[in-house]
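Comments concern the structure below.
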Amino acid sequence: MPDADITFEQFRSKYNCESVCVSVLHAAKWPKGFQCPRCACRHVTVITTRRLPLYECRGCRYQSSLLRGTVMEGSRTSLHKWFQALFLIGSPTCYINAVQLSEFISVTYKTAWLILHKLRHAIRHGDASKLLTGLVEVISTVYNPRDSFFRWTERKPKKHQHPVIVGAGSYGGDKYVKLKQVYTSPEHRNRAMDHSDFAQFLHDHVHSTVKFPIVHNQFNHHKACDTLNMISDSVTQRINQRYFGVSGKHLQAYLDETSFRLNHTLRPNRAISRLFKMFITTSTITYKQLIASTVPTMTRESAA
Ligand SMILES: [Zn+2]
(Lines give C-alpha, C1' and ligand atoms only; values in the text may rest on other atoms or scores of the structure.)
Protein backbone atom coordinates (compact mmCIF):
# COMPACT_ATOMS: atom_id res chain seq x y z
CA MET A 1 0.00 0.00 0.00
CA PRO A 2 1.58 3.31 -1.06
CA ASP A 3 2.35 5.82 1.58
CA ALA A 4 4.12 8.66 -0.09
CA ASP A 5 2.41 11.75 -1.41
CA ILE A 6 -0.19 10.56 -3.83
CA THR A 7 -3.43 12.13 -5.00
CA PHE A 8 -6.76 10.34 -5.04
CA GLU A 9 -6.68 10.26 -8.85
CA GLN A 10 -3.22 8.68 -8.82
CA PHE A 11 -4.36 6.18 -6.23
CA ARG A 12 -7.51 5.37 -8.16
CA SER A 13 -5.62 4.74 -11.40
CA LYS A 14 -3.07 2.55 -9.61
CA TYR A 15 -5.66 0.40 -7.83
CA ASN A 16 -8.26 0.33 -10.54
CA CYS A 17 -8.92 -3.39 -10.83
CA GLU A 18 -9.53 -6.40 -8.61
CA SER A 19 -6.39 -8.30 -9.59
CA VAL A 20 -4.09 -5.51 -8.35
CA CYS A 21 -6.01 -5.28 -5.05
CA VAL A 22 -5.95 -9.09 -4.67
CA SER A 23 -2.13 -9.03 -5.05
CA VAL A 24 -1.79 -6.26 -2.45
CA LEU A 25 -4.06 -8.05 0.02
CA HIS A 26 -2.32 -11.38 -0.56
CA ALA A 27 1.10 -9.83 0.07
CA ALA A 28 -0.15 -8.12 3.24
CA LYS A 29 -1.89 -11.22 4.59
CA TRP A 30 0.89 -13.68 3.78
CA PRO A 31 4.09 -11.62 3.40
CA LYS A 32 6.21 -14.81 3.34
CA GLY A 33 3.83 -16.63 1.00
CA PHE A 34 0.66 -18.58 1.81
CA GLN A 35 0.57 -20.48 5.07
CA CYS A 36 -2.46 -22.47 6.21
CA PRO A 37 -3.89 -20.92 9.42
CA ARG A 38 -4.91 -24.39 10.59
CA CYS A 39 -1.91 -26.66 9.90
CA ALA A 40 0.82 -24.17 8.81
CA CYS A 41 1.24 -26.02 5.48
CA ARG A 42 2.62 -23.80 2.72
CA HIS A 43 1.24 -25.73 -0.24
CA VAL A 44 -1.95 -24.37 -1.69
CA THR A 45 -4.43 -24.83 -4.50
CA VAL A 46 -5.99 -21.58 -5.68
CA ILE A 47 -9.68 -21.88 -6.54
CA THR A 48 -10.60 -19.21 -9.04
CA THR A 49 -14.23 -19.99 -9.79
CA ARG A 50 -15.55 -17.34 -7.40
CA ARG A 51 -15.43 -13.53 -7.46
CA LEU A 52 -12.32 -13.63 -5.28
CA PRO A 53 -9.80 -16.49 -5.08
CA LEU A 54 -10.06 -19.13 -2.38
CA TYR A 55 -6.88 -20.75 -1.07
CA GLU A 56 -7.26 -24.44 -0.27
CA CYS A 57 -4.56 -26.01 1.84
CA ARG A 58 -3.18 -29.16 0.21
CA GLY A 59 -2.41 -30.60 3.63
CA CYS A 60 -5.76 -30.35 5.43
CA ARG A 61 -8.10 -28.96 2.71
CA TYR A 62 -8.91 -25.90 4.85
CA GLN A 63 -10.08 -23.02 2.67
CA SER A 64 -8.86 -19.50 3.44
CA SER A 65 -10.15 -16.33 1.87
CA LEU A 66 -8.43 -13.00 1.57
CA LEU A 67 -11.28 -11.25 3.34
CA ARG A 68 -11.53 -13.53 6.37
CA GLY A 69 -10.56 -11.66 9.54
CA THR A 70 -10.75 -8.25 7.84
CA VAL A 71 -13.40 -5.54 8.00
CA MET A 72 -14.35 -6.52 4.43
CA GLU A 73 -15.42 -10.04 5.36
CA GLY A 74 -18.88 -10.81 3.96
CA SER A 75 -18.90 -7.72 1.75
CA ARG A 76 -19.95 -7.94 -1.90
CA THR A 77 -18.43 -4.54 -2.74
CA SER A 78 -15.45 -4.62 -5.10
CA LEU A 79 -12.03 -4.51 -3.50
CA HIS A 80 -10.96 -1.47 -5.49
CA LYS A 81 -13.93 0.47 -4.11
CA TRP A 82 -12.96 -0.53 -0.57
CA PHE A 83 -9.40 0.58 -1.28
CA GLN A 84 -10.59 3.95 -2.57
CA ALA A 85 -12.76 4.44 0.51
CA LEU A 86 -9.79 3.56 2.69
CA PHE A 87 -7.66 6.16 0.91
CA LEU A 88 -10.31 8.85 1.36
CA ILE A 89 -10.94 8.22 5.05
CA GLY A 90 -7.22 7.77 5.70
CA SER A 91 -6.23 11.12 4.19
CA PRO A 92 -5.95 13.43 7.20
CA THR A 93 -7.23 16.48 5.36
CA CYS A 94 -10.00 14.80 3.38
CA TYR A 95 -13.18 14.50 5.43
CA ILE A 96 -15.79 12.55 3.53
CA ASN A 97 -19.35 11.67 4.44
CA ALA A 98 -21.49 8.81 3.14
CA VAL A 99 -23.25 10.93 0.49
CA GLN A 100 -19.91 12.04 -0.95
CA LEU A 101 -18.41 8.56 -0.77
CA SER A 102 -21.40 7.01 -2.53
CA GLU A 103 -20.78 9.42 -5.43
CA PHE A 104 -17.00 8.98 -5.45
CA ILE A 105 -17.04 5.18 -5.66
CA SER A 106 -20.50 4.64 -7.22
CA VAL A 107 -22.25 2.66 -4.50
CA THR A 108 -25.58 3.20 -2.74
CA TYR A 109 -25.77 5.51 0.27
CA LYS A 110 -26.35 2.53 2.57
CA THR A 111 -23.24 0.74 1.27
CA ALA A 112 -21.15 3.91 1.62
CA TRP A 113 -22.45 4.45 5.17
CA LEU A 114 -21.60 0.86 6.04
CA ILE A 115 -18.10 1.03 4.50
CA LEU A 116 -17.30 4.22 6.41
CA HIS A 117 -18.54 2.75 9.68
CA LYS A 118 -16.57 -0.46 9.15
CA LEU A 119 -13.44 1.61 8.51
CA ARG A 120 -14.14 3.65 11.66
CA HIS A 121 -14.57 0.34 13.48
CA ALA A 122 -11.07 -0.65 12.29
CA ILE A 123 -9.69 2.70 13.48
CA ARG A 124 -11.35 2.18 16.83
CA HIS A 125 -9.98 -1.32 17.16
CA GLY A 126 -6.48 -0.12 16.24
CA ASP A 127 -6.68 2.72 18.75
CA ALA A 128 -7.91 0.53 21.61
CA SER A 129 -4.59 -1.27 21.95
CA LYS A 130 -2.55 1.97 21.97
CA LEU A 131 -2.10 3.19 25.52
CA LEU A 132 -0.88 6.71 26.19
CA THR A 133 2.59 7.01 27.67
CA GLY A 134 4.93 9.86 28.62
CA LEU A 135 3.50 13.12 29.90
CA VAL A 136 -0.24 12.46 29.87
CA GLU A 137 -2.86 15.19 30.25
CA VAL A 138 -6.61 14.69 30.09
CA ILE A 139 -9.39 17.24 29.92
CA SER A 140 -13.18 17.18 29.79
CA THR A 141 -15.23 18.66 26.99
CA VAL A 142 -18.64 18.19 25.40
CA TYR A 143 -19.84 17.34 21.91
CA ASN A 144 -22.84 19.37 20.79
CA PRO A 145 -24.67 17.84 17.81
CA ARG A 146 -26.67 21.05 17.26
CA ASP A 147 -23.82 23.51 17.17
CA SER A 148 -21.21 24.36 14.55
CA PHE A 149 -18.96 26.09 17.01
CA PHE A 150 -18.27 24.95 20.50
CA ARG A 151 -18.47 27.69 23.07
CA TRP A 152 -15.66 27.10 25.43
CA THR A 153 -17.54 28.36 28.46
CA GLU A 154 -19.94 25.40 28.17
CA ARG A 155 -17.94 22.82 30.03
CA LYS A 156 -20.94 21.17 31.57
CA PRO A 157 -23.05 19.31 29.01
CA LYS A 158 -26.65 20.27 28.33
CA LYS A 159 -29.31 17.66 27.82
CA HIS A 160 -28.68 17.09 24.10
CA GLN A 161 -24.88 17.24 24.44
CA HIS A 162 -22.46 14.44 25.11
CA PRO A 163 -19.54 14.48 27.55
CA VAL A 164 -16.16 13.59 26.05
CA ILE A 165 -12.68 13.18 27.51
CA VAL A 166 -9.65 14.29 25.52
CA GLY A 167 -6.34 12.66 26.43
CA ALA A 168 -2.92 13.60 25.11
CA GLY A 169 0.38 11.82 25.58
CA SER A 170 2.74 9.75 23.46
CA TYR A 171 2.58 6.48 21.61
CA GLY A 172 5.54 4.89 19.82
CA GLY A 173 7.59 8.05 20.23
CA ASP A 174 4.95 10.29 18.60
CA LYS A 175 2.46 12.63 20.20
CA TYR A 176 -0.88 10.87 20.39
CA VAL A 177 -4.41 12.07 21.13
CA LYS A 178 -7.51 10.12 22.14
CA LEU A 179 -11.10 11.34 22.17
CA LYS A 180 -13.47 9.16 24.18
CA GLN A 181 -17.16 9.51 24.81
CA VAL A 182 -18.27 9.28 28.41
CA TYR A 183 -21.31 7.04 28.44
CA THR A 184 -24.13 8.33 30.58
CA SER A 185 -27.78 7.49 30.87
CA PRO A 186 -30.00 10.09 29.14
CA GLU A 187 -31.30 11.43 32.45
CA HIS A 188 -27.76 12.04 33.71
CA ARG A 189 -26.25 13.36 30.50
CA ASN A 190 -26.04 16.93 31.74
CA ARG A 191 -24.09 16.08 34.86
CA ALA A 192 -20.55 17.35 35.22
CA MET A 193 -17.85 14.75 34.79
CA ASP A 194 -16.62 13.29 38.01
CA HIS A 195 -13.58 11.46 39.29
CA SER A 196 -14.87 8.05 38.22
CA ASP A 197 -15.13 9.14 34.54
CA PHE A 198 -11.50 10.23 34.50
CA ALA A 199 -10.45 7.10 36.40
CA GLN A 200 -12.15 4.94 33.78
CA PHE A 201 -10.40 6.80 30.98
CA LEU A 202 -7.01 6.44 32.68
CA HIS A 203 -7.64 2.74 33.23
CA ASP A 204 -8.69 2.06 29.65
CA HIS A 205 -6.35 4.34 27.71
CA VAL A 206 -3.24 5.19 29.72
CA HIS A 207 -0.30 2.87 30.25
CA SER A 208 0.28 1.67 33.82
CA THR A 209 3.82 3.11 33.75
CA VAL A 210 2.34 6.63 33.77
CA LYS A 211 2.23 7.39 37.48
CA PHE A 212 1.12 11.01 37.51
CA PRO A 213 -1.28 11.82 34.67
CA ILE A 214 -2.56 15.39 34.87
CA VAL A 215 -6.34 15.63 35.01
CA HIS A 216 -8.03 18.91 34.13
CA ASN A 217 -11.59 18.82 35.36
CA GLN A 218 -14.09 21.63 34.93
CA PHE A 219 -12.46 23.69 37.69
CA ASN A 220 -8.89 23.72 36.41
CA HIS A 221 -9.30 23.76 32.66
CA HIS A 222 -7.27 26.95 32.49
CA LYS A 223 -4.17 25.04 33.54
CA ALA A 224 -4.24 22.75 30.52
CA CYS A 225 -1.78 23.37 27.72
CA ASP A 226 -2.94 25.37 24.69
CA THR A 227 -2.91 22.36 22.37
CA LEU A 228 -5.18 20.35 24.64
CA ASN A 229 -7.54 23.29 25.05
CA MET A 230 -7.53 23.88 21.30
CA ILE A 231 -8.39 20.26 20.58
CA SER A 232 -11.09 20.02 23.24
CA ASP A 233 -12.67 23.27 22.06
CA SER A 234 -12.78 22.11 18.45
CA VAL A 235 -14.28 18.62 18.84
CA THR A 236 -17.80 19.73 17.91
CA GLN A 237 -16.65 21.80 14.97
CA ARG A 238 -14.38 19.09 13.58
CA ILE A 239 -17.25 16.60 13.50
CA ASN A 240 -20.11 18.91 12.56
CA GLN A 241 -18.34 20.63 9.68
CA ARG A 242 -18.70 17.39 7.69
CA TYR A 243 -21.29 15.28 9.44
CA PHE A 244 -23.80 17.91 10.54
CA GLY A 245 -24.43 16.50 14.00
CA VAL A 246 -24.13 12.84 14.96
CA SER A 247 -26.12 10.87 17.52
CA GLY A 248 -24.72 9.59 20.78
CA LYS A 249 -25.05 6.03 19.49
CA HIS A 250 -22.42 6.57 16.77
CA LEU A 251 -20.47 9.45 18.34
CA GLN A 252 -17.52 7.31 19.45
CA ALA A 253 -16.91 6.17 15.86
CA TYR A 254 -16.64 9.81 14.72
CA LEU A 255 -14.45 10.70 17.70
CA ASP A 256 -12.07 7.88 16.78
CA GLU A 257 -11.97 9.04 13.16
CA THR A 258 -11.28 12.60 14.35
CA SER A 259 -8.45 11.52 16.64
CA PHE A 260 -6.98 9.38 13.83
CA ARG A 261 -6.89 12.49 11.63
CA LEU A 262 -5.42 14.60 14.41
CA ASN A 263 -2.73 12.00 15.06
CA HIS A 264 -1.74 11.89 11.42
CA THR A 265 -1.96 15.56 10.55
CA LEU A 266 1.77 15.92 11.15
CA ARG A 267 2.66 12.61 9.52
CA PRO A 268 0.15 12.14 6.68
CA ASN A 269 2.48 9.86 4.75
CA ARG A 270 1.95 7.11 7.34
CA ALA A 271 -1.83 7.37 7.64
CA ILE A 272 -2.82 5.18 4.68
CA SER A 273 -0.50 2.28 5.49
CA ARG A 274 -1.49 2.36 9.17
CA LEU A 275 -5.15 2.36 8.29
CA PHE A 276 -4.55 -0.46 5.80
CA LYS A 277 -2.99 -2.52 8.58
CA MET A 278 -6.01 -1.91 10.84
CA PHE A 279 -8.26 -2.68 7.86
CA ILE A 280 -6.83 -6.18 7.31
CA THR A 281 -6.40 -7.14 10.97
CA THR A 282 -9.79 -6.10 12.35
CA SER A 283 -12.69 -8.54 12.27
CA THR A 284 -15.75 -7.04 10.67
CA ILE A 285 -18.80 -5.61 12.35
CA THR A 286 -22.23 -6.28 10.85
CA TYR A 287 -24.93 -3.77 9.98
CA LYS A 288 -27.09 -5.35 12.67
CA GLN A 289 -24.39 -4.81 15.29
CA LEU A 290 -23.82 -1.24 14.11
CA ILE A 291 -27.45 -0.23 14.44
CA ALA A 292 -28.01 -2.14 17.69
CA SER A 293 -29.71 0.08 20.21
CA THR A 294 -27.17 -0.38 22.96
CA VAL A 295 -24.15 1.89 22.91
CA PRO A 296 -21.10 -0.30 22.27
CA THR A 297 -18.22 0.01 24.64
CA MET A 298 -14.69 -1.08 24.05
CA THR A 299 -12.28 -1.37 26.89
CA ARG A 300 -8.71 -2.56 26.91
CA GLU A 301 -9.87 -6.08 27.69
CA SER A 302 -12.44 -6.38 24.93
CA ALA A 303 -10.00 -4.97 22.36
CA ALA A 304 -7.31 -7.49 23.14
ZN1 LIG B 1 -3.90 -26.80 6.32
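The values are calculated or read from the model by the stated rules, or taken from the named source; none is laboratory data. This one's a predicted model, so the numbers in the text were calculated from it and none came from an experiment. Counting neighbours? That spans all protein chains shown, and the Cβs are built from the backbone with ideal geometry, glycine included. In case anyone asks, the SASA skips ligands and DNA or RNA and just uses the protein heavy atoms, side chains included. Shrake-Rupley method; radii C 1.70, N 1.55, O 1.52, S 1.80 Å.
Per atom type, the chain shows carbon and sulfur on 54% of its accessible surface, probed at 1.4 Å.
Counting 0.36 nm for each residue step from D194 to H222 and taking away their Cα separation leaves a gain of 8.3 nm. Counting only alpha carbon atoms, the long axis of helix 248-264 and the longest principal axis of the chain meet at about 80°.
Normalised per residue, the accessible area of segment 167-226 is 59 Å², obtained with a 1.4 Å probe and no contribution from ligands, DNA or RNA.
In the chain, Cα pairs under 8 Å separated by at least six residues give a relative contact order of 24 percent. At a probe radius of 1.4 angstrom, the accessible area of segment 1-92 per residue rounds to 52 square angstrom.
Remark: spin-label model distance R51-Q63 equals 1.5 nm, labels positioned 7 Å along the Cα→Cβ axis. Annotation: for a label point projected 7 angstrom from Cα along Cα→Cβ of T108, no residues of segment 64-79 have a backbone N closer than 11 Å. Give the angle, between 0 and 90 degrees and rounded to the nearest 10, that separates the Cα long axis of helix 79-90 from the longest principal axis of the Cα atoms of the chain. Approximately 20 degrees, to the nearest 10. The simple Förster model, with R0 at 22 Å and r as the Cβ-Cβ distance, assigns D174 and F212 a FRET efficiency of 0.55.
Is it possible to state the helix-based mean residue ellipticity at 222 nm for the chain, with each DSSP H run of 4+ residues giving -39500 (n - 2.57), the sum divided by total residues, to the nearest 500 deg cm²/dmol? What is it? The helix contribution divided over the chain gives -12500 deg cm²/dmol.
Accessible surface of R267, taken over heavy atoms with a 1.4 Å probe and every protein chain present, rounds to 30 Å². Computed from Cα atoms, the angle from the helix 226-243 axis to the main principal axis of the chain rounds to 60 degrees. Taking packing as the residue-averaged number of other Cβ atoms within 10 angstrom, the listed peptides 117-128, 99-110 run from highest to lowest as 117-128, 99-110.
Computed about its Cα centre, the charge dipole of the chain is approximately 720 debye, with only Lys, Arg, Asp and Glu carrying charge at their Cβ.
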